[in-house]
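A short write-up of the structure that comes next.
The values are calculated or read from the model by the stated rules, or taken from the named source; none is laboratory data. These figures come from a predicted structure and were not determined experimentally. Note: ideal-geometry Cβ built from the backbone for every residue, glycine included; neighbour counts use all protein chains shown.
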There are 2 protein chains.
Amino acid sequence: MINFTIKFQYGIPLYEQIVYAVKKAIVSEQLKPGDQFPSVREIARELRINPNTAQKVIAHLVREGLLEIKPGIGSVVSELGIATNAQRDKIFKDEVEKLVVECKRLSITKKEFIDAVNRNWKLDNEKGEE
Amino acid sequence: MINFTIKFQYGIPLYEQIVYAVKKAIVSEQLKPGDQFPSVREIARELRINPNTAQKVIAHLVREGLLEIKPGIGSVVSELGIATNAQRDKIFKDEVEKLVVECKRLSITKKEFIDAVNRNWKLDNEKGEE
DNA sequence: CTAACTGTAATATATCACATAGTACACCTT
DNA sequence: AAGGTGTACTATGTGATATATTACAGTTAG
């Protein structure tokens, strides 16, 4: 069984969209640590993509620490990780800056932006934690 | 004269990095509306890239409304635009969501994230406006 | 043990984005 | 007329993406 949903879009790599859908499912607790993750061949069959592409998804998720491999058995959802300094820098200095620049060039105010952040922070996680 | 600075990175398209550098320069008022923008051939020469790539930069900036073309003369920095509903949706629903998901999976708190936003909002624009 | 499942690796093919090189044309200023 | 401007076109090479197919080692269930 596939535990996450996808609506494919043009112009974005398939594997990338799937990786993101999985992240979203984990963050919103549709997928919990310890849950069995669908196999390469099952993903390929259900989503009608090539097994190589499905394998690429798993490889990415493992490298990013979201899945763990049980050889001969399959993969399992990992516990949530903690950001390294490099990851924090990438988000806080690069990613946030990009969004801020884009907002400013479109005359979007900081308040509007922060409101959107608050909205999104609660949306995927009904508990509304910090 | 080139009015913006770039430090090229691996893995990111040249034209994309240049487009972003220009956006940043405009947002931080190193480039102001009405300023003459360097020509295709000047960009290519100064940054040591192919004229076609420089042309791609200008084409992107024009399409996004950051530059205006004066035929036979060159290009000029436009006034800051106002976001369309589609642009606001893309930022508020897609881009922000992506960052929020990434933060949650790395156990970054909302407070830490909002702090980073506040920091970045002031950084490129010394006046610290809304 | 065997069959059926797991992740993983390799080869091959086709398509597209990116960056380069080079040439050409219409437009405008000096 | 000369030299600048944006723009368009062909061509080449490289890499990422996605496909198809085959193969192998590890694990489990019968």
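If you take the residues in region A:60-75 that are aliphatic (A, V, I, L, M) and in contact with a helix residue (DSSP H, G or I) (Cβ under 9 Å, 6 or more places away or on another chain), which one is nearest to DNA strand D (Cβ to nearest atom)? Per the criteria, the residue is A:I69.
Per-residue answers, yes or no, for (1) within 14 Å of chain B (Cβ to nearest Cβ); (2) part of a helix (DSSP H, G or I); (3) without any contact (Cβ under 8 Å) to a residue 60 or more places away in the chain:
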position	(1), (2), (3)
A:Q55	no, yes, yes
A:S75	no, no, yes
A:A86	yes, yes, yes
A:I91	yes, yes, yes
A:V100	yes, yes, yes
A:V117	yes, yes, yes
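A:K70 falls short on exactly one of the conditions (1) under 13 Å from the mean Cα position of the chain (by Cα); (2) within 16 Å of DNA strand C (Cβ to nearest atom), and that condition is (1).
In the set (1) of a type in the set (D, E, K, R); (2) within 16 Å of DNA strand C (Cβ to nearest atom); (3) in a helix (DSSP H, G or I), the condition left unmet by A:K23 is number (2). Of all residues in region A:6-20, those that are touching a residue at least 12 places away in the same chain (Cβ under 8 Å) and either within 12 Å of chain B (Cβ to nearest Cβ) or part of a helix (DSSP H, G or I) (or both) total 4.
Scanning region A:24-53 for residues that are in contact with a strand residue (DSSP E or B) (Cβ under 8 Å, 6 or more places away or on another chain) and either farther than 28 Å from A:N120 by Cα or within 14 Å of chain B (Cβ to nearest Cβ) (or both) turns up A:I26, A:L31, A:K32, A:P33, A:S39. Somewhere in region A:103-112, is a residue assigned by TED's automatic domain parsing to the domain that holds A:F37, in a helix (DSSP H, G or I) and without any contact (Cβ under 8 Å) to a residue 40 or more places away in the chain? Looking through region A:103-112, none of the residues is assigned by TED's automatic domain parsing to the domain that holds A:F37, in a helix (DSSP H, G or I) and without any contact (Cβ under 8 Å) to a residue 40 or more places away in the chain. Hey, could you check region A:19-52 for residues that are acidic (D, E) and more than 15 Å from DNA strand D (Cβ to nearest atom) and say which is farthest from B:L106 (Cα to Cα)? That would be A:D35.
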